[in-house]
Amino acid sequence: MMRVQTTGVLNNAGTIEAKSVLWFDGINDTVYRDYFANVKPDDRRRVMESLLKWVMPGASLKSLTITPDSMLDMSAPLHIQMEFTVPGMATLAIARPLSVLLGSATPWAWRTSF
């Protein structure tokens, strides 16, 4: 299971500034942790930014924190905090159904695209 909590502000220009917190449990912890353990930190950021842009085209990742620092530390759950902006979000929300904007990304989708 995976839990995601996103909070943000949509300004008058239609740009959203948001923060998402992701908690990974069960198979999601195992799959993402395995991937992150085998790539460089820059690749972790690239993957998370790609997933973000897949869900919200035009998004820009401002900050990313992935813990634990060592993916081999199984005593701590995998946890991600990201801050991002999406210009033109109001226009995008009108043009695309909400289910598309909030759809879930599967690890298989991003593993096959890189």
- Within the group P68, P87, P107, which residue is within 13 Å of F36 (Cα to Cα) and at pLDDT 65 or above? P68
- Message: Go through (1) surrounded by 17 or more Cβ atoms within 10 Å (Cβ to Cβ); (2) out of contact with any Asp or Glu (no Cβ under 9 Å at 6 or more places or on another chain) for F36 and report which single condition fails.
- Response: (2)
- Taking A13 and the conditions (1) surrounded by fewer than 14 Cβ atoms within 10 Å (Cβ to Cβ); (2) free of Cβ contacts under 8 Å to residues at least 60 places away in the same chain, which numbered condition does it fall short on, given that it satisfies the others? (2)
- Enumerate the pairs (first residue in the range 57-84 and free of Cβ contacts under 8 Å to residues at least 24 places away in the same chain and in a strand (DSSP E or B); second residue anywhere and loosely packed, with under 14 Cβ neighbours inside 10 Å and hydrophobic (A, V, I, L, M, F, W, C)) with beta-carbon separation below 8 Å, excluding pairs fewer than 6 apart on the same chain, so at least 6 apart or on different chains. T67/A76
- Given the conditions (1) buried (at least 16 other Cβ atoms within 10 Å of the Cβ); (2) farther than 23 Å from M1 by Cβ, report the number of the one that L52 does not fulfil. (2)
- Which one is modelled with the lowest pLDDT, of the residues in the range 8-56 that are assigned to a strand (DSSP E or B) and either over 15 Å from the mean Cα position of the chain (by Cα) or β-branched (V, I, T) (or both)? L10
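Answer with yes or no whether V55 is in contact with a helix residue (DSSP H, G or I) (Cβ under 6 Å, 6 or more places away or on another chain) and not acidic (D, E).
no
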- For the range 29-45, which residues satisfy the criterion of being out of contact with any Lys or Arg (no Cβ under 8 Å at 6 or more places or on another chain) and touching a residue at least 40 places away in the same chain (Cβ under 8 Å)? D29, V31, Y32, R33
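The values are calculated or read from the model by the stated rules, or taken from the named source; none is laboratory data. Model, not experiment: these values are computed from the prediction. Neighbour counts run over all protein chains shown; Cβ positions are idealised from the backbone, glycine included.
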